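Coordinate-derived values only; no laboratory data. Being a predicted model, the structure only gives us computed values, none of them experimental. Virtual Cβ from ideal backbone geometry, glycine too; neighbours counted across all protein chains shown.
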Amino acid sequence: MRSSVWTFLYIAIALTQCPIMAKAAMEQSHSTSVAGMVKLVLLEAKLIENLSSYADELERRLNILKRAVPQLQAESNKAISQMEEYVSNPINGFSLIRRMNQDWNDWMLFMEDPVGSSQVAYVSSQKSQLPTNVDLIEACIAIYRLQRFYNLTVKDVSTGMLNGKKYDVSLNALDTYVLGREHHKHHTVDLAGEWFAETNSWLMEHTLSTPIGADREKMLHFFASAFFDYKYYSIALSLFDHALVLGKKTGDPALLNRRRDIEKLAREEVLAKTEPKADATNYGRGCRGEFVGISNLYCVYKFGTSPFLLLAPIKMEIRLLNPFIIVFHDVLSPREIDELQKLARPLLERTTVVKFKKYEKDSRRTSKGTWIERDHNNLTKRIERRITDMVELDLRYSEPFQVMNYGLGGHYAAHEDFLGDTWADKKEEDDRIATVLFYLTDVEQGGATVFTILNQAVSPKRGTALFWYNLHRNGTGDTRTLHGGCPVLVGSKWIMTLWIRERMQLFTRPCLKETT
Ligand SMILES: *[C@@H]1O[C@H](CO)[C@@H](O)[C@H](O)[C@H]1NC(C)=O
Ligand SMILES: *[C@@H]1O[C@H](CO)[C@@H](O)[C@H](O)[C@H]1NC(C)=O
Ligand SMILES: *[C@@H]1O[C@H](CO)[C@@H](O)[C@H](O)[C@H]1NC(C)=O
Ligand SMILES: *[C@@H]1O[C@H](CO)[C@@H](O)[C@H](O)[C@H]1NC(C)=O
């Protein structure tokens, strides 16, 4: 009994500590794009389909056995009760010889034949598509980020209470256990305790169904043992007791001995109840909508002689005059947005940040994106013309459009868009003079663009565009434009960015009336 529990624990720990490793797979950064995670949903459905047909095959085989075994037993019982008399009959004797010669060979083949090898082959062919350990860790970090930015308790997250809104979703014991384990590993130990306590209370009410196939009692022992190892003795004790009662083993001396050891440690344990601290920086405050008095300065309509402006003047909301920040309303139509997303979706790749003149992946920027040339098709050309009408800058030397989709807790930590001395060649005046940021989707919760020094927060709204200058008139970077993309709490945030370069702007810049 004891040894089987330990064998089980060994397997269980191995399974839960090592999510299937994708051997030599390209890192796909699954969690960094909501659009990209759709692939996983589809894959999961296929895997379940295979598992279900695997179950059918098992059942078919089981049925064969269920029919055959009673017949075999009946004959064997007869033989056992009569022994010599049974075999003294030539019919019985012959039949016994034949059965033992042939049938057992067949049964052996039957038992050796692997069940569902085609399903196993399919699942193993999909291994490289499964999230890796890196994905899992990124997902854990994303949850922690959401907790800090939106002041969510462990209970909030595990019960789907997001920023005061209740969603019909929840985490199970393995989910909360893994979150606790990651916190424990990275020494944010107090929060690990909260997650483990949550795991405990879940287990008290539910039964896990996992590939480990353990019954409830073994499962409780497993978690008790894991929490013991992590030195959370009270939680371990609570689960251990539950397992004893469930298994009717409250009289088992060996188990009671172990219980006494755990209890002794639990008595000496000092538990501090902690919750993640809400991010207290201006960035965090902006993301939570704590900036007060950020109402727009005023709204104006921009008229003009270009075909687009004649058709429909643009509504401009002046957010700030110095530095100059505007929101343009309804500048992309739903149809245009659909087309942009369709174009970008298959091309999305993990975005990077500029580090030492190189583009690199970085946890400060978790999204997937793709570049689309401005002259890619009629749509992008039309949008380019519209931007010229909107901001009256020369776009000839700007960068291509970048379309992006954020993922689980996806964000872009506070940064400036200008490249400054680290990149631009000053003589060429080729820095990013201005940024146009289109919001392609509404975001249910989170995902605002926050200017941390200027105390401005702009929430994503499908079809609007945010514009600001990144440079002072003398061409140096305006550090007040420090801004970030807040973590997305609920929703799929799509944006499109255009960085307009400085070159050719000598005469055009004054056109948007700014006060600097
Ligand atoms: C496994 O799933 C794939 C994708 O849905 C399907 O094409 C295949 O037939 C399935 N294989 C078995 C044996 O069920
Ligand atoms: C975060 O939530 C706690 C309650 O859970 C509250 O006491 C605290 O003031 C909140 N912090 C912020 C910054 O909103
Ligand atoms: C793009 O616009 C041009 C000029 O208006 C037109 O001739 C062409 O058919 C358009 N292409 C597509 C694919 O719509
Ligand atoms: C450029 O202009 C800004 C704002 O007027 C000023 O703070 C900065 O010192 C200027 N830099 C140079 C190199 O002239």
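What to note about this one:
- Debye-sum result for region 49-184 in log10 I(q)/I(0), which assumes one identical scatterer on each alpha carbon, at q = 0.11, 0.14, 0.17 Å⁻¹: -0.70, -0.85, -1.02
- For region 118-203, relative contact order (Cα pairs under 8 Å, six or more residues apart, normalised by length) works out to 21 percent.
- A dipole drawn for the chain from +1 and -1 charges on Cβ atoms has a positive end, and of MET83, LEU162, LEU208 the residue lying farthest that way is LEU162.
- 5 Å binning of all Cα-Cα separations within region 284-501, expressed as whole percents from 0 upward: 1, 7, 14, 20, 22, 19, 12, 5, 1, 0
- Share of pairwise Cα-Cα distances greater than 41 Å in the chain is 42 percent (whole percent).
- Taking every full run of DSSP H in the chain, the ones that stretch at least 24 Å from end to end by Cα along their long axis and average -0.5 or higher on the Kyte-Doolittle scale are 34-82, 133-150, 189-205.
- Restricting region 325-383 to GluC sites (Glu not before Pro) in coil, as DSSP defines it, with at most 16 other Cβ within 10 Å: GLU373
- Helix-only [θ]222 nm of the chain, DSSP H runs n ≥ 4, -39500 (n - 2.57) each, per residue, nearest 500: -14500 deg cm²/dmol
- Under 16 Å of direct C-alpha separation, and excluding same-chain neighbours fewer than eight residues apart, LYS342 reaches these aspartates and glutamates: GLU373.
- Short-range pairs are left out: with C-alpha atoms under 8 Å and at least six residues apart, the relative contact order of the chain is 14 percent.
- Euclidean distance between Cα centres, region 358-374 to region 146-217, Å: 31
- The value obtained for region 36-129, namely the Cα convex hull volume divided by the number of residues, is 94 Å³ per residue.
- Cβ-based net charge around ARG462, under 15 Å, with every Lys or Arg adding one and every Asp or Glu removing one: -2
- For the listed residue pairs LYS155/LYS461; LYS381/LYS493; LYS127/LYS461, the alpha carbons are over 32 angstrom apart in LYS127/LYS461.
- Local electrostatic count, ARG145, Cβ distance below 12 Å [Lys/Arg +1, Asp/Glu -1]: 0
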